[in-house]
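The values are calculated or read from the model by the stated rules, or taken from the named source; none is laboratory data. Values in this document were obtained by computation on a predicted structure and should not be read as measured data. Cβ placement follows ideal geometry from the backbone for every residue including glycine, while neighbour counts extend to all protein chains displayed. Note: areas computed on protein heavy atoms with side chains; ligands, DNA, RNA excluded. Shrake-Rupley method; radii C 1.70, N 1.55, O 1.52, S 1.80 Å.
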Amino acid sequence: MTRVLFVFLDGVGLGPPGAANPLSMTPLPAFATLAGGHAWTADAPPRSEPDHVFRPLDATLGVEGLPQSGTGQATLFTGVNCARVVGRHFGPFPHSATHPILARENVFRKIRQANGKAPVAFANAYPPRFFEHVRRRRRWTVTTRCCVEADVPIRGLDELRAGRALTADLTGHGWAPLGHDVPPIDEAEAGRRLVALARAQVG
């Protein structure tokens, strides 16, 4: 069975080469491999390989203004230019105009429609206060709304402690200030957990 991992590195863009761009000046061999040996800069050429595609994209999506996660993530998860649908960049939560698009076009739902038996999993874990906020405000993020629309379980503290989930920062260091007894892990262990989740074929 073919498995596909979507890993989103938020807030990283391809700027011009030079001292002001840490992605240009810092040796990042894994990143460079994905770009065919080229540093992750604005002049990196597109590249297609049997196991991955590297495509520099304009995060503004042709819409003037500063990109925001609400419309940007909605575009990534649906393939629809949600900034253009809304008429502006919007975030951090999804704009109401994109709710039908997220319900109909999100990648989790598309996979389920293509093959009802295909396992789909969302690896991120959320702290209890997130679920409490949702119960009070009924306000999902883009990613969690996609999960809800496709019946993909949203993981929490129990799954994280059992090693069946990852935090947004991968290592879990950000959970300590929240008062949760979750031992942090290193980046290598985070990678192993992600691969294990993919191999487990659980939804």
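Below is a table of values for the structure above.
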{"quantity": "Residue list for the range 25-42, restricted to those being small (Gly, Ala, Ser), surrounded by 11 or more Cβ atoms within 10 Å (Cβ to Cβ) and not in a loop (DSSP other than H, G, I, E, B)", "calculated": "ALA32"}
{"quantity": "Scan of the range 163-196 for residues that are part of a loop (DSSP other than H, G, I, E, B), more than 30 Å from ARG104 (Cβ to Cβ) and not polar (S, T, N, Q), ordered by number", "calculated": "GLY163, ASP169, LEU170, GLY172, GLY179, HIS180, ASP181, VAL182, PRO183, PRO184, ILE185, ASP186"}
{"quantity": "Meets criteria (more than 19 Å from the chain's Cα centre (by Cα) and either more than 21 Å from ALA198 (Cα to Cα) or crowded, with 19+ Cβ neighbours inside 10 Å (or both)) for ARG138", "calculated": "yes"}
{"quantity": "Residues of the range 12-44 satisfying the condition of being hydrophobic (A, V, I, L, M, F, W, C) and over 22 Å from ALA188 (Cβ atoms)", "calculated": "LEU14, ALA19, ALA20, MET25, ALA35, ALA39, ALA42, ALA44"}
{"quantity": "Criterion violated by ALA198 - all others in (1) over 19 Å from SER69 (Cα atoms); (2) without any contact (Cβ under 8 Å) to a residue 60 or more places away in the chain satisfied", "calculated": "(2)"}
{"quantity": "Filtered residue count, the range 163-201, keeping only those that are at pLDDT 90 or above, among the small types (Gly, Ala, Ser) and either open to solvent by less than 60 Å² (accessible area, probe 1.4 Å) or farther than 20 Å from ARG129 by Cα (or both)", "calculated": "7"}
{"quantity": "Scope the range 153-162; condition in a helix (DSSP H, G or I) and open to solvent by 20 Å² or more (accessible area, probe 1.4 Å); matching residues", "calculated": "LEU157, ASP158, GLU159, ARG161"}
{"quantity": "Filter pass, THR2 being part of a loop (DSSP other than H, G, I, E, B), farther than 30 Å from CYS147 by Cβ and among the β-branched types (Val, Ile, Thr)", "calculated": "no"}
{"quantity": "Close pairs (9 angstrom Cβ cut-off, 6 or more residues apart or separate chains): among the aliphatic types (A, V, I, L, M) in the range 60-71, open to solvent by 50 Å² or more (accessible area, probe 1.4 Å) and not in a helix (DSSP H, G or I) anywhere", "calculated": "LEU61/PRO67; VAL63/GLY87; VAL63/ARG88"}
{"quantity": "Checking PRO92 against (1) closer than 20 Å to VAL148 by Cβ; (2) open to solvent by 50 Å² or more (accessible area, probe 1.4 Å); (3) at pLDDT 95 or above, the condition it does not meet", "calculated": "(3)"}
{"quantity": "Flag if PHE131 is touching a residue at least 24 places away in the same chain (Cβ under 8 Å) and part of a helix (DSSP H, G or I)", "calculated": "yes"}
{"quantity": "Enumerated helices (runs of 4 or more DSSP H) restricted to the range 52-107, each holding at least 1 residues that are more than 25 Å from ALA121 (Cα to Cα) and among the small types (Gly, Ala, Ser)", "calculated": "82-86"}
{"quantity": "Answer from PRO56, PRO45, PRO22 - the residue that is at pLDDT 90 or above, of a type outside the set (Ser, Thr, Tyr) and open to solvent by 40 Å² or more (accessible area, probe 1.4 Å)", "calculated": "PRO45"}
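To keep it simple, each residue is scored yes or no on (1) open to solvent by 60 Å² or more (accessible area, probe 1.4 Å); (2) within 24 Å of ARG199 (Cα to Cα); (3) within 18 Å of the chain's Cα centre (by Cα).
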site: VAL107; (1), (2), (3): no, yes, yes
site: ALA114; (1), (2), (3): yes, yes, no
site: ALA118; (1), (2), (3): no, yes, no
site: ASN124; (1), (2), (3): no, yes, yes
site: GLU132; (1), (2), (3): yes, no, no
site: VAL142; (1), (2), (3): no, no, yes
site: CYS146; (1), (2), (3): no, yes, yes
site: ASP151; (1), (2), (3): yes, yes, yes
